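The values are calculated or read from the model by the stated rules, or taken from the named source; none is laboratory data. Predicted model, so just to flag it, every value in this text is computed and none were measured. Positions of Cβ are generated from backbone atoms using ideal geometry, with glycine treated the same way; all protein chains shown enter the neighbour counts.
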Amino acid sequence: MEKKKLFALVLVCTLMLTGCGKIATLKNGEEVVAKLNGKSITAEQLYDELKSQGGASVLTNMIDEFIVNKEIKTDDDAKSYADSQLNSYKQSYKSYGQDFNAALKSAGYSGEDDFKDALITEYKKQQVTENYVKDELTDSEIQKYYDDNIFGDIEARHILISPNTDDDMSDEEKSKAEEKAKKEAEDIIKKLDDGEKFADLAKEYSDDEGTASKGGKLTVTYGSVVDEFWDASNDLKDGEYTKEPVKTEYGYHVIYRIKQKEKPSLDDVRDDVIEDLTQEKINNDTTLQTKALVALRKKYDLDIADDELKKSYDDSVNSALTTSSSN
């Protein structure tokens, strides 16, 4: 919030030093920008004070806004992102009975359009970060992600036994309900061992209303089901069922694997792999946006002439990288 106000002060100071607008022309920084009885404040004094109060941060924000606007166009996706975020903020403030417009003004924004511009800038920073990560990806990383995370879809059947619990139950009552559900799943596995048909048992016993009428049949894709369910399905061979109930947040499953489709080729899913791997890297490394913006500043030959601002800038970059990487 203070950065926005500080930006305005830096801009005023810049205008004074360059003689722009309606502000009096200043030649050497010693001209008075404000005075009162017993005190005069020069442009140079104001500039030095602004530097000490976060000038490097304001300068960096100005630089980044220019860079990302050069790199990324304000397209419909950027506008849609800003609109979505704006509406989310407004709904949040409304739900708490707070005045959103007052909050904008308090934060230094002139109105919703000004705030949307800031959201669009943030969207563009996300885009340049993604582009940076994609440019840094190696073929070996892409291959490894493909090997570890891409699988053929599995056709399967399952029977779900859900514990009959509710929030009003005591821990002891919930534990007993869990034990009962697990015992029912184990009994179903015994029926399968005795030769009963999986589809018939699913229709009779499964608590999954979406698949029970179909004999428990479903298509399992990696990432579309909870990990425990996927791992159990993937570990089975075609025509096998689990010999122990598989516990998930939904209850206890008995799973039968019909068959697994052939794994798609890397060429066919390369774009998806790159997108997923990029998001995984961004989620796991909070330094990447800083690294991406630092790289872009170098691309645009950033040169900070003021030694104090340069030192403050270098310190802030190093701090951001060190702090983020240690979390």
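Report every pair of residues separated by at least 6 positions or lying on different chains whose Cβ atoms are under 8 Å apart, first residue within the stretch 296-322 and charged (D, E, K, R) and modelled with pLDDT of 95 or more, second assigned to a helix (DSSP H, G or I) and surrounded by 15 or more Cβ atoms within 10 Å (Cβ to Cβ).
Matching pairs, first to second residue: R297/I63; R297/D64; R297/I67.
Could you go through the stretch 185-192 and let me know if any residue there is closer than 30 Å to D272 by Cβ, assigned to a helix (DSSP H, G or I) and not hydroxyl-bearing (S, T, Y). Walk me through how you get there before you give the answer.
From the stretch 185-192, those closer than 30 Å to D272 by Cβ are none; that's our starting set.
Scanning the stretch 185-192, I find no residue that is closer than 30 Å to D272 by Cβ, assigned to a helix (DSSP H, G or I) and not hydroxyl-bearing (S, T, Y), so the answer is no.
Find all pairs meeting these conditions: Cβ atoms under 6 angstrom apart; at least six residues apart or on different chains; first residue within the stretch 163-186 and over 22 Å from A202 (Cβ atoms); second residue polar (S, T, N, Q).
These pairs meet every condition: K174/T165.
Mind listing whichever residues of the stretch 268-327 are under 17 Å from the mean Cα position of the chain (by Cα) and under 16 Å from I63 (Cβ atoms)?
Scanning the stretch 268-327 gives Q289, T290, K291, A292.
Filtering the stretch 45-78 down to residues that are out of contact with any Phe, Trp or Tyr (no Cβ under 8 Å at 6 or more places or on another chain) and among the polar types (S, T, N, Q), which residue is farthest from Q126 (Cα to Cα)?
Of everything passing the filter in the stretch 45-78, Q45 is farthest from Q126 (Cα to Cα).
Would you point out the residue of the stretch 187-216, among those that are closer than 12 Å to I255 by Cα and of a type outside the set (A, V, I, L, M, F, W, C), that is surrounded by the fewest Cβ atoms within 10 Å (Cβ to Cβ)?
Going through the qualifying residues, I end up with G215.
If we keep just the residues of the stretch 42-87 that are farther than 30 Å from K311 by Cα and basic (K, R), which is surrounded by the most Cβ atoms within 10 Å (Cβ to Cβ)?
Narrowing the stretch 42-87 to residues farther than 30 Å from K311 by Cα: 73-87.
Those left that are additionally basic (K, R): 73, 79.
Numbers: K73: 11, K79: 14.
Filtering the stretch 42-87 for residues that are farther than 30 Å from K311 by Cα and basic (K, R), the one surrounded by the most Cβ atoms within 10 Å (Cβ to Cβ) comes out as K79.
Determine if the stretch 256-271 includes at least one residue that is in contact (Cβ under 8 Å) with a residue 40 or more places away in the chain, touching a His at 6+ places or on another chain (Cβ under 8 Å) and surrounded by 15 or more Cβ atoms within 10 Å (Cβ to Cβ).
For the stretch 256-271, residues in contact (Cβ under 8 Å) with a residue 40 or more places away in the chain, touching a His at 6+ places or on another chain (Cβ under 8 Å) and surrounded by 15 or more Cβ atoms within 10 Å (Cβ to Cβ): present.
For T219, are the conditions met, namely being within 18 Å of A202 (Cβ to Cβ), polar (S, T, N, Q) and exposed (fewer than 15 other Cβ atoms within 10 Å of the Cβ)? Break it down into steps so the answer makes sense when it comes.
On the way: within 18 Å of A202 (Cβ to Cβ): yes; polar (S, T, N, Q): yes; exposed (fewer than 15 other Cβ atoms within 10 Å of the Cβ): yes.
Spelling it out, T219 is indeed within 18 Å of A202 (Cβ to Cβ), polar (S, T, N, Q) and exposed (fewer than 15 other Cβ atoms within 10 Å of the Cβ).
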